[in-house]
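Here is the structure we will look at.
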Amino acid sequence: MPGERMNIVLIHSDQHRYDCVGAHGHGLLQTPGMDRLCREGVDFSHAFTPAPICSPARGCLITGQWPTQHGCMSIPPTEIYRPIDKPEGPLMPKLLVEAGYSTAHIGKWHGETPGEPDSWGMEEYIPEERGYDAWRAEQGLPERVRKNGWFGEIDEAITPEQHRVAWGGRHAVRCIEKFSERDAPFFVRWDPSEPHLPNMIPPAMKDLYPPEKIEPWPSFADGLAGKPWVQGRQQRIWGVDGWSWEHWAPVVSRYLADITLLDRQVEMILETLDRLGLAENTVVVYSTDHGDLCGGHGMMDKHFMMYDDVLRVPMMMRWPGVTEPGRVCDAFVHHELDLATSLLVAAGIDVPEHYEGVDLSKLLRGEVAEREMAFSQYQGCQFGLYSERMARDKRWKYVWNATAQDEFYDLDADPGELVNRIDDASCAEPLRRLRAGMGSWMSSIGDPLHNEFTRVIWE
């Protein structure tokens, strides 16, 4: 229950689409570990990232604030990248350290703060970027060579057990085992880079998902008519304009295989908690920083768009005494912000007043009102400045593009977000309502573009 200083295991992957979980209805994908978390805990079906880009989203998780509040609005080494403005402040993992938790961070760190996690006093910091390659060399394995750029390939030299994600999973288990011998509660955060591109999979996984059996995403058949100019530019930058599904299916096949390999580690971690008798006093969360296009709308990666392919994320949580097994919660969740708040609650730590997230234990008990809308923000990255804001309810989505035409989608009639209805007079009332909601949200968080948004929208 809240306040009991629960152990916490947070598995926080990179670039995982919501629809790429077996329990979410994917017809081919094997994810028994994530499916188990859905059965034994709560599955948040409307979790949305505060920012569809790595470092800004991850910054929300440790600060409890939106990117325009915490200051990290791009990824290194881009020109507009800056780390979090106040790394000396009450960061979520730092508060856990100060509360006496045994702490570990394994895997990806993406420059959210000037210092790495060990600078906050975390006992174990095992960086994936340096650690796996060193381990690989110790095993006599050749260096990873990307012959196919960012589009993925087969890493012929390794078995599934020698894959980077398996290396990270073993370290997570080791830290859980080590900390379980102490009286203090523990916080183990594992951030695998999977399934972020390029998906370099072992030969044993290459035939798991035959490309010819993979159906196109609902968003694939998008000719980008009536869409912002930057989306066509994104296709050209990646060299994928004109690609058919036959081009995309092998890329998606490797993406799915990476998810299954990641899921095997989720299974292993859950089994470890069972074996050690820790399941009843440990909060377990699986989520990710944002989604992935991976062929959605005929594009690669993310950037410059606010489609559900990149905004909607998987998030499942098992919190003994709080979550009801098998429950699907369709309330809007700003997942990184709400996790920052909720994990402190699970640890019995007072949540700083400036944290923007909701206590999910109260949400699940009906003690706080559900959000009427979800929001997200993007400042531009890698290929040029391009600021966006998104507001959506259960039916409609509005995207303000600061330097291009706006977007408006009827998600009931058009779940793939293929038809931009921004100029459709029949949509005037829901458009007005979502614009008003966006303006109120931007004002409440001190968004530096609020004045520009107001002047453009109401001129």
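Readers should treat all values here as calculations from the given coordinates under stated rules, not as data from a laboratory. Note that the structure is a prediction, hence the values are computed from the model and not measured. Ideal geometry is used to build each Cβ from the backbone, glycine not excepted, and the neighbour counts take in all protein chains shown.
For this structure, a couple of remarks:
- Tally, over the range 2-17, of residues that are crowded, with 21+ Cβ neighbours inside 10 Å and part of a loop (DSSP other than H, G, I, E, B): 5
- Near pairs, Cβ below 6 angstrom, 6+ apart or cross-chain, from the range 92-112 (at positive phi) to any residue that is of a type in the set (D, E, K, R): G107/E128; G107/D191
- Unmet criterion (only one of (1) under 25 Å from the mean Cα position of the chain (by Cα); (2) in contact (Cβ under 8 Å) with a residue 24 or more places away in the chain) for D241: (1)
- D43 vs. criteria of a type in the set (D, E) and in a helix (DSSP H, G or I): no
- The set of residues in the range 18-40 that are within 19 Å of the chain's Cα centre (by Cα) and either more than 18 Å from V252 (Cβ to Cβ) or in a helix (DSSP H, G or I) (or both) comprises G22, A23, H24, G33, M34, D35, L37, C38.
- Scanning the range 282-302 for residues that are more than 14 Å from the chain's Cα centre (by Cα) and not in a helix (DSSP H, G or I) turns up T282, V283, V284, C294, G295, M299, M300.
- The range 127-147 - residue that is closer than 12 Å to R164 by Cβ and in contact with a strand residue (DSSP E or B) (Cβ under 7 Å, 6 or more places away or on another chain) and, of those, surrounded by the fewest Cβ atoms within 10 Å (Cβ to Cβ): R144
- Counting only strands (runs of 3 or more DSSP E) that sit completely within the range 317-420, those holding 1 or more residues that are over 22 Å from T288 (Cβ atoms) and touching a residue at least 40 places away in the same chain (Cβ under 8 Å) correspond to 385-392, 396-401, 407-410.
- If you go through the range 148-177 and pick out every residue that is assigned to a loop (DSSP other than H, G, I, E, B), touching a residue at least 60 places away in the same chain (Cβ under 8 Å) and loosely packed, with under 15 Cβ neighbours inside 10 Å, you end up with 1.
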